[in-house]
1. For residues that are surrounded by fewer than 24 Cβ atoms within 10 Å (Cβ to Cβ) and free of Cβ contacts under 8 Å to residues at least 60 places away in the same chain, scanning just the range A:117-135, find the one that is farthest from the chain's Cα centre (by Cα).
2. Tell me, yes or no, whether the range B:222-237 has at least one residue that is at pLDDT below 95, in a loop (DSSP other than H, G, I, E, B), loosely packed, with under 14 Cβ neighbours inside 10 Å and more than 10 Å from every other protein chain (Cβ to nearest Cβ).
3. Looking at the range B:160-168, is at least one residue within 14 Å of chain A (Cβ to nearest Cβ), under 28 Å from A:ALA131 (Cα atoms) and of a type in the set (Gly, Ala, Ser)?
4. Hey, among B:CYS176, B:CYS206, B:CYS181, which residue is within 24 Å of A:LEU129 (Cα to Cα), within 12 Å of chain A (Cβ to nearest Cβ) and touching a strand residue (DSSP E or B) at 6+ places or on another chain (Cβ under 8 Å)?
5. Could you look through the range A:211-238, keep only residues that are away from chain B (no Cβ under 13 Å) and touching a helix residue (DSSP H, G or I) at 6+ places or on another chain (Cβ under 6 Å), and pick out the one that is surrounded by the most Cβ atoms within 10 Å (Cβ to Cβ)?
6. Cβ contacts < 9 Å: first residue closer than 12 Å to B:ARG42 by Cα, restricted to the range B:79-90; second residue in a helix (DSSP H, G or I) and charged (D, E, K, R), any location; separation 6+ or different chain. Result?
7. Inside the range B:101-195, counting only strands (runs of 3 or more DSSP E) that do not spill past its ends, which hold 2 or more residues that are within 30 Å of A:PRO51 (Cα to Cα)?
8. Among helices (runs of 4 or more DSSP H) lying entirely in the range A:17-121, which contain 2 or more residues that are within 14 Å of chain B (Cβ to nearest Cβ)?
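The values are calculated or read from the model by the stated rules, or taken from the named source; none is laboratory data. Because the structure is predicted, anything quoted here is derived from the model rather than measured. Please note: Cβ atoms are built from the backbone with ideal geometry, for glycine as well, and neighbour counts cover all protein chains shown.
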Amino acid sequence: MADPFQEGLASGSFQVVTRLVPPKSADLASVLTLASSWKGKVAAVLVADNPSAVMGLSALVLAEMLKREGHDAILVMSCRDRNRLDLGSIALGASAVSVSSILCVSGDYTHYGDHPDAKPVYDLDSVQLIAMLHEMGKGRDIAGNPVAVSQPYFIGAAVCATADPLFPQLMKVRKKVSAGADFFVTLPIFTVDQLGPFLDGVKDLPLKVLAGVLLPSYQEIAEYRDGSIPGTFIPDDLVNAWREGGEQAFSASSANHVKKLVSDLRNSGKVAGVCINASPGREPEIEGLLRA
Amino acid sequence: MALRLTGDHASAMVNIVSFTFSPLLTEFHVIVAQRKPFPQIRDMLGGYSRVLVAGCGTCVAVCLAGGEKEAGILASQLMLSAAGEKREFRASAAAVERQCDREFLQLFHEKVAEADAVISLACGAGIQFLAEMYPQVPVFPGVDTTFIGVAEEAGVWTERCRSCSQCYLGITGGICPVTMCSKGLLNGPCGGTVHGKCEVDLERDCAWTQIYRRLEEQSRTDIQAMPVLPMKHNLRIQPGRVIHSAYRKRFSIG
């Protein structure tokens, strides 16, 4: 049986997904409380996998806990931290605990994180990881050995819709579709218009795209320059307006901006849904964005 | 094999063995190495009093890290440092054309016999071969071997090859994604490209932007239409060993 998120996406209704970052702690109480504030308002919780190369609790463990608490979960799997054996093991583990929606990403480079000396693995890239999950869903592991999973994976892929240049990204999107991607999640965008060139470039493909949106921290805005947040490009006028407004006004103005953006995306009919991200410290504000 | 003694260098105790460079040498790709910081070298050699600084005249000479000249300079530095500590110490410098070749390495024989330690300025391969030829003497590295690269311009070397044993250059416009992409991605850029630069270092070009542009110039982007399979790491089991087909019989390989 398909998961609620998978069914919702297939139905064509606008899907709202929120991203949850596993804590740097074995105590899950705070993140589970946070997720409970989203219950009934989101299609699924996307569980990040050592985002920004910062080590945290296993994404699969948190995804399983969320499932137990009645949420649908999308597990993120990063190629940065593990080779194909471990990626396969995690995929099997996910299947065993009924986590079948998996978003495949390359992963931010290690030097961004809190273990800059770590070996970046990238044994597979995200296209190959998608292909691996697709094949496992059909009963073969990446080496061609028989493998049994509970149901085919519902495979997500990431894309930077605002990349410059865009053509290499579009080339990779097509490879991800060939490899078996079922849906796409963009890195954060800040205006509906930012999606234009990307959507034009893939209009011949039947893509289900969730637009990523981000509630950034004031520090990120204060220090922002292109490249300071990997894959995230904030229009100059927005950065300037937020900076000029000062830190006190920023909290409300940025939340209002994201809330309006979600509404505009919903009304635009251009995307299948949104994935709401919040920078560290702003996660509790996501619940406010979900209110009508 | 050109080997000649050119006399003293900087100190009466430092002898240089030199050779003639081929004019083509600077056009070769090089194994690039960087001299270790002096305090690290000095500390490694703490307990020794007769040290041979062994230079190598090929790659590390081209990248100005471990050739004849650098061997002489390091020997002088060691002598000066020991003199400052009023310690009895003798460093001599010598270089051969290549430390990755036994024929040349044996030229160190007499020099090594006089030393109680050797510091080699060759790449990691040369250092190991030297240590293998003279197992009775401790051999220390004087450089950190960094990469296989090219001379971009005077004094600048950049990496080009990670010797993966399964060259992809034919489908990537002659630009290696294994080496030139920080993540070694085989199927296209990550999401972190910043106006054609790499998310890891904004001074560097994004390899996949370069690859795409090159293929576009050649009207060959269609070659990247389908996913590239994962790398076969079993082709690169270390330590690598290659026997040319013409020599298989000699080494009893079927």
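1. Among those residues, the one meeting the criterion is A:ASP117.
2. Within the range B:222-237, one or more residues are at pLDDT below 95, in a loop (DSSP other than H, G, I, E, B), loosely packed, with under 14 Cβ neighbours inside 10 Å and more than 10 Å from every other protein chain (Cβ to nearest Cβ).
3. No - not one qualifying residue is present in the range B:160-168.
4. B:CYS206
5. Initial filter on the range A:211-238 (away from chain B (no Cβ under 13 Å)): A:211, A:213-223, A:235-238.
Still in the list and also touching a helix residue (DSSP H, G or I) at 6+ places or on another chain (Cβ under 6 Å): A:211, A:213, A:215, A:218, A:221.
Working: A:ALA211: 29, A:VAL213: 21, A:LEU215: 22, A:TYR218: 20, A:ILE221: 22.
Among those that are away from chain B (no Cβ under 13 Å) and touching a helix residue (DSSP H, G or I) at 6+ places or on another chain (Cβ under 6 Å), it is A:ALA211.
6. Taking only residues 6 or more apart or on different chains, the pairs are B:SER81/B:ARG42; B:ALA82/B:ARG42.
7. Passing ranges, in order: B:143-153, B:156-161.
8. Result: A:84-96.
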